[in-house]
Amino acid sequence: MAKSWKMPTWFYRLGSPRWSFEIMGKLLPWFAIGAVVLMVWGAIWGLAFAPADYQQGNSFRIIYIHVPAAILAQSCYLLMAVAGAISLIWKMKVADMVAKSCAPIGATLALLALATGAIWGKPTWGTWWVWDARLTSMLILLFLYIGVYTLHSAIENEITAGKAGAVLSLVGVVNIPIIKYSVEWWNTLHQTSTFTMTERPAMPPEMYLPLLLMVIGFYCFFAVVLMLRTRAEILEREKRSGWVRELVEAS
Amino acid sequence: MFFDSFSDFLAMGGHGFYVWLAYAIAVAIIIYNVVSPLLRKKQFIEQHKRRLKREQRLAERQAAVESGEQS
Amino acid sequence: MANGNEREMSLSRVFWITLRRDLMLAYRRRNDLVSPLMFFLMVATLFPLGVSPDPQFLSEVAAGVVWVAALLATLLSMDSLFRSDFDDGSLEQMLLSPQPLSLLVFAKICAHWMISGLPLTLMAPLLGLMLFLPQEGMSTLVLSLLLGTPTLSLIGAIGAGLTVGLRKGGVLISLLVLPLYIPVLIFGTGAVQAASTGLPVGGYLAILGAILALGMVLAPLAVAAGLRISVSD
Amino acid sequence: MSTPLLEVQDLFCERDERVLFEGLNFSLEAGEIIQVEGPNGSGKTTLLRILSGLSQAFEGDILWQGEPIDEVRDDFLSDLLYFGHLPGVKAILTPEENLRWYCALHPHTRTEGITEALANVGLYGYEDVPCHSLSAGQNRRVSLARLYLSDAPLWVLDEPFTAIDKRGVARKEALIAEHAANGGSVILTTHHELAIRDNLRKVTLGGQASPGERMEVV
């Protein structure tokens, strides 16, 4: 049997719910400011100042929501699996709570990517839904999130639920590249769309800079809501400990 | 500014409905993600506070009963 | 500890004994084996009735219909994989055996495939005929199912392992497992369609084989982990 | 004796927001029998499941021959016989087939003794009757027959005497005593008053007792 590795002390500090709760409380405002500034800036730039697309006109401005949401939805799944693996291997409570918090956030982000994709599709293709490779992969990603979320809520024991969710998300992470590859391949076979929405050669800087701002802004936003959810989760699970009692009484 | 007037900006060259609908959904989802954990936390704190008070009351009454028995 | 050679021998023995036990269990309840096959047949019958009996149309969708029906039939039989072992305590004894759990699980999955996936594969040409699948696609249909259905059993077992402790496991399995089935479905039907139009199918079958190999290595580990979690609750 | 066979250090377990036991310490030497006592719902079964490794829902340390149990899992499992609430008997197999499969999974067992073991639990002649035509008590006895087949040093038995008549209980008790006399160890729960006196210790789990008095080792 392999002995468990020794990790640096800060790693184990992260495992302490109280310490994590406090550090997240300190980090929260900074990320919140970052998220608001970047997203407002990026949205105004993208909506009002970036030039229109020569083919799609102004409907392309949906890209500033669609692409960041899609990127985040995928990153979030990866984070969920990594956090799940950490909680399985090192039995770290906080990692389990982070993994649990990821599922609903990721699902809403995937939903946002799908909704904006569909809305974008109407002026571009003339229909609300096209079996485009990206949209289809995103739909499957949403299914994967729903699976993890349902499994979580079906198991009453929180610890068991966390472990089961972690195993499922790890299985999902192994599958995601295969799914992506197979869907892309399937799409080239049944070529439904003449051009893809988001892959275009050489976007000028005044078009992609706002996109970059929005992507970074979305990451900050994700950090904020993940910390909010994890903090709520920490409080609920640690309600028997003294520090939560003090915190509740002080409020 | 890419647009000539504010009404042009709202119209988005005829695609206004789609663009604004997409942004509205985005705002809704962002707000949901921020508000729901905050609500949950608030709810938890209220419930927990009530529970702690109830436990305290019980403990006080227990103590009162015991001291009553002794006297 | 036994020396290496002896241990290896006992591992393969444990594998065969477990496989034989599960096959024997299935044989004693052989009436149950027919239901997934009937389900397979009925789902395939719904398409001509529900969409169109036009031979032209049916021959186009035959590959997809047969594959989807096979996938659903496999899914239907998945819940029973660990259910009775969980209910009567055999699963506890498997977990407490010093033999590697993933090996026992693998043997059980192999047995499950032999009594579900294999008969489905053998029955597929019949459905192909009913749905006017072009003659050229027939052998590829069987080959793709032969390579694909074991993967379906392996992936389905992960869902079964994670939900065995839950009462409403059956529905939940579909929710967990169906998205993971998509690559197999895509390449399986892709192979049959390619064969029907006279294109080479080697690539598709190679990918199906690769997915199967990956599944054989990783799925038993995931199933074992899932079972430990389910039983510990 | 230098290191005990099994050692439990500062074990804590909580279930459904209720602490079942905390600060539980005891050790088991070779040749000893430990009876876990306590009212219903005090966590006896949970403790046995934790000790056998089925449940991971605990905090604290369990040492097997001085080593953390997670690191010597394989050695521990080949030395363990676990008898739980569920008999682990397949209804559509015969008693003999059931035991054969058990022996294949577990080393330290003797396949050739199956007929004799079944005779010892009063199932002589039932070797090839499917278990679903046996009564619940007979099914439990099929599972108990494993005690006669096993050379595993550690037996963990959860209510082994349920659904067994008086004479059967006496014989099982004798078997357990013999196992201990030969240097084996047993941890068991039972509602019966044990006749065994030698090498017997009791660990008491106290259901609703106040904290601190929750458990004591007699």
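Values in this text are rule-based calculations from the coordinates and carry no lab data. Note that this is a predicted model, so its numbers are computed, not measured. Here Cβ is always computed from backbone atoms with ideal geometry, including for glycine, and neighbour counts include all displayed protein chains.
If both residues of a DSSP beta bridge must be in the range D:6-204, then about 45% of such bridges are antiparallel.
Can you give me the angle between helix C:117-130 and the longest principal axis of chain C, using Cα atoms only, in degrees from 0 to 90, rounded to the nearest 10? Roughly 10 degrees, rounded to the nearest 10.
The alpha-carbon of C:Lys168 sits under 20 angstrom from the alpha-carbons of these aspartates and glutamates, leaving out residues fewer than 8 places away in its chain: A:Glu156, A:Glu158, C:Asp79, C:Asp85, C:Asp87, C:Asp88, C:Asp233. Each stretch of four or more DSSP H residues adds -39500 (n - 2.57); spread over every residue of chain A, this sum gives -27000 deg cm²/dmol at 222 nm. Of all lysines in the structure, the ones whose alpha carbon falls short of 23 Å from that of A:Lys239, not counting any fewer than 8 places away in one chain, are A:Lys26, A:Lys91, A:Lys93, A:Lys100, A:Lys163, B:Lys41, B:Lys42, B:Lys49, B:Lys53. By the combined test of axial Cα extent (at least 20 Å) and Kyte-Doolittle hydropathy (mean at least 1.0), the qualifying DSSP H helices of chain A come to A:17-44, A:63-90, A:133-154, A:205-237. Under the convention that each Lys and Arg Cβ holds +1 and each Asp and Glu Cβ holds -1, the size of the dipole of the range D:6-204 around its Cα centre is about 900 debye. Using the rule -39500 (n - 2.57) for each DSSP H run of four or more residues, divided by the residues of chain B, the 222 nm mean residue ellipticity is -31000 deg cm²/dmol. Radius of gyration over Kirkwood radius for chain C, both on Cα atoms: the Rg/Rh ratio is 1.01. Based on Cα contacts under 8 Å between residues 6+ apart, chain D shows a relative contact order of 29 percent. Only one residue of B:Ile45, B:Ala26, B:Ala63 has its Cα farthest out toward the positive end of the dipole of the range B:23-70, where Lys and Arg carry +1 and Asp and Glu -1 on Cβ, and that residue is B:Ala26. By a straight-distance test (C-alpha under 13 Å), which aspartates and glutamates pair with D:Lys166 as possible cross-link partners, with residues fewer than eight away in the same chain excluded? Partners within reach: D:Glu193. In plain terms, the residue of A:Trp30, A:Trp45, D:Trp155 with the fewest other Cβ atoms within 10 Å comes first and the most crowded comes last, giving A:Trp30, A:Trp45, D:Trp155. Amide H to amide H distances under 5 Å link D:Leu6 with D:Leu28, D:Gln65, where only residues 5 or more positions off or on other chains count and H is placed in the peptide plane. Inter-chain Cβ neighbour count for A:116-122, averaged per residue, equals 4 (cutoff 10 Å, partner chain atoms only). Can you give me the Cα centroid spacing of chain B and the range C:161-176 in angstrom? That distance is 32 Å. Take each residue of peptide D:82-90, count the partner chain Cβ atoms within 10 Å of its Cβ, and average: the result is 5.
Compute the separation of the alpha-carbon centres of the range D:9-86 and the range D:155-187 and state it in Å as a whole number. When both Cα centres are located, 19 Å separates them.
The mean number of Cβ atoms from other chains found within 10 Å of a Cβ in peptide B:6-18 is 4, as a whole number.
Dividing the summed helix terms, -39500 (n - 2.57) for each DSSP H run of n ≥ 4, by the number of residues in chain D produces a 222 nm estimate of -8000 deg cm²/dmol to the nearest 500. Put simply, when C:160-168, D:84-92 are sorted by average Cβ atoms within 10 angstrom per residue, most first, you get C:160-168, D:84-92. Taking Cα atoms only, the orientation of helix B:16-70 departs from the longest principal axis of chain B by about 10 degrees.
For the listed peptides D:63-75, D:115-127, C:59-71, a ranking on the average number of other beta carbons within 10 Å per residue, highest first, reads C:59-71, D:115-127, D:63-75. Summing Lys and Arg as +1 and Asp and Glu as -1 over all other residues whose Cβ lies under 13 Å from the Cβ of B:Pro37 gives a net charge of +4.
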